[in-house]
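This report concerns only the one structure given below.
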């Protein structure tokens, strides 16, 4: 069977012709006579009378346009094209009822929408169904109103297929995609439960310009958002990650009037705030008015601020920079201080101030009976300043002989490393053609060796005279007459430099 035709409709019958001589070659350029047989009846001319089939672009394919009078009988319709030089073209259709199709008596014979016919939308009277199952898409042009009459039953229940959504709702020009109202006494406006692993109860995406993923407004004294973590070991009450291209905040919170932007309470032994970053500051606070941080410790031996520096480089526990007309740190400090102290009072075990240092550098005099006795023993008995006596003491004063002669001096690891570094730096200093190193010194020897090993060398074959160039391959370093000599038995190379 080549197809199904609805009774009384026009249709084209097509077929391909083959030459009867070999039953394989395409029969082109012919005009096969066309006849039909309705529901097993004798072959006869179509409704148009004696007719021939029309070839399609000299391809051996032929067609005939069946009229409504050719397809008016339900059952098999055989279409035949004949010609003396080709095999018959046979095409068979099944003509079906307009109303029943292939169903036989399963469908009513009356037209759809008519009395006794199928129910259609629009022209027939309203229909009442005990239940209705729609396996295809259902289109409603003027809204859908559903009211459940059975207690505990959902007003509507939708189930998507594979990746399809359960409900895809699009609002009007200024309407909401979906508006949900809870029951009169206790229901939630929206109650969702995700299924599977790592799926969200709500997955919300705002509009592409400035829409919020979720905008929630609490009622009365309720919260805008109330979030509880899962029961697992590491679930977060709220996990917020910014995807902004220029550096958006994970959470942006703004309090109202005297309310805090953030009011955080840690767990039984947890932190009120725990901040972890990969490169930026742990906390960056820039107020428009007020202190950047106001901290108050609570409990026994608890500090207002406990700060630990980084793990590498010069990482301070606290690095403070003074603001307008202020000081980096103001207050009482217990412990060691490294840096410059402009003004200090009530210091314990403090070093001498500038006046004390000046007095120490003044005229020493006879200090044998004072706390400077050891210094006096080194500098001698003459009255002089420290700065004037130290050079004399180092050269010929009372310094120990091994110090004056610089014998048997042991250097620490730091001093040894410093000396070695200076030596290596001197050896690693770059030298060029323009340098004038000491004759036969190590730097000159190394430079000549570099010229010989890597630089341009021109040798005259006839005389063995060689010209060695400097690093720029232009300036001649040496010209050696007969540098390379070959007497057919021995090749001799003379000294270059």
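The values are calculated or read from the model by the stated rules, or taken from the named source; none is laboratory data. Computed from a predicted model, the values in this text were never measured in an experiment. Note that we place each Cβ from the backbone using ideal geometry, even for glycine, and neighbour counts take in every protein chain shown.
Just one of the numbered conditions (1) loosely packed, with under 10 Cβ neighbours inside 10 Å; (2) at pLDDT below 80 is not true of residue 440; which one?
Against the list (1) loosely packed, with under 10 Cβ neighbours inside 10 Å; (2) at pLDDT below 80, residue 440 comes up short only on (2).
So residue 42 passes all but one of these: (1) assigned to a loop (DSSP other than H, G, I, E, B); (2) modelled with pLDDT under 95. Which condition number does it fail?
The one condition residue 42 does not meet is (2).
Determine which member of the set 230, 218 is assigned to a loop (DSSP other than H, G, I, E, B), surrounded by 10 or more Cβ atoms within 10 Å (Cβ to Cβ) and free of Cβ contacts under 8 Å to residues at least 24 places away in the same chain.
One residue alone meets the criteria, 218.
Residue check, residue 90 against (1) in a strand (DSSP E or B); (2) surrounded by 15 or more Cβ atoms within 10 Å (Cβ to Cβ), all met but one. Which one?
The one condition residue 90 does not meet is (2).
Looking at region 437-465, which of its residues are more than 60 Å from the chain's Cα centre (by Cα) and touching a residue at least 24 places away in the same chain (Cβ under 8 Å)?
Selection gives 459 alone.
At pLDDT below 85 and part of a loop (DSSP other than H, G, I, E, B) - does that describe any residue in region 412-424?
yes
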